[in-house]
Every structure is written in C-alpha cells, then in structure tokens.
C-alpha cells in the first residue's frame, strides 16, 4: 500500500514537472490567461498523459488483484484452521476408539475366563454325577 502511495505521488510530481520543462506561450484572452503549446510540445504532453493513464489503470488492476489475493489468503488461513481442528477432533475420536477396543478386549478376556470356569464346573458336575450314578447303580 505504501508503494502505491509513493507511486501516485511520483505520478503527480511528473504532471507538475513536465510543464516546467516546456515553456508555453501565454496568451491573454479577455480576462483569462491561456497557455499555448507547439505541436511537438502537445505531442509530448499527450504521450505523458497516455502513459500516466495506462499506469493508473495498472495501479487500479493491481489494487484489485491485491485485494483478491488478500481475501484468498484469509480464506486459506481459515481453511487451514478448520482442518487443524478437524485433525485434532479425529485424533480424539481415534483415541476414544482405541480405549473402547482395549476395554472390549479386557471384557472378552474375562468372559473367556468365565466360560472356561463354567466348562470346568460342568465337567466336574458331570463327572461327579457319573460317579454318583455309577455308585448308586452298583449298590
């Protein structure tokens, strides 16, 4: 932005400076002073004006592009922030799932132990019943 201001100041200075190099003919018409330039001087002035108009259009286009790039940068930064939040949330979800899996594995281990104990108790009960029926039958 500072560069643009300096550029505009230099342009304004060039408007003032080129008329000092050219010495126009001053004519008095009624109460007004009129400045008359030769054809070469008027061509020189026209070229300078066209260059300045072209530079002004470039300045306008560059300011528009600068604003567009700033808005794109702002959008990019906001997208980056939202993605970092999403990554953090996904990491928390992953940690919670890992904890849930660990708890399920522990509960499966305890269930397996209970099932093995149940099978052992059934085996003892069945063998005890067989022995008891065998003793009862023999008596």
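The values are calculated or read from the model by the stated rules, or taken from the named source; none is laboratory data. Because the structure is predicted, anything quoted here is derived from the model rather than measured. Heads up, the Cβs are rebuilt from the backbone with ideal geometry, glycines too, and the neighbour counts pull from every protein chain shown.
Brief remarks follow.
- Cβ separations smaller than 8 Å between residues 6+ apart or across chains give no pair from the stretch 113-138 residues that are in contact (Cβ under 8 Å) with a residue 60 or more places away in the chain to residues that are surrounded by 10 or more Cβ atoms within 10 Å (Cβ to Cβ) and in a helix (DSSP H, G or I).
- Per the conditions (1) exposed (fewer than 10 other Cβ atoms within 10 Å of the Cβ); (2) under 26 Å from residue 9 (Cβ atoms), the sole criterion not satisfied by residue 49 is (1).
- The sole residue among 115, 81, 131 that is modelled with pLDDT of 95 or more, part of a helix (DSSP H, G or I) and surrounded by 10 or more Cβ atoms within 10 Å (Cβ to Cβ) is 81.
- Every pair of residues 6+ apart whose Cβ atoms lie under 8 Å, when the first sits in the stretch 22-39 and is part of a strand (DSSP E or B) while the second is loosely packed, with under 10 Cβ neighbours inside 10 Å and at pLDDT 75 or above: 26/33; 27/33; 34/28
- Residue 59 vs. criteria part of a helix (DSSP H, G or I) and within 28 Å of the chain's Cα centre (by Cα): yes
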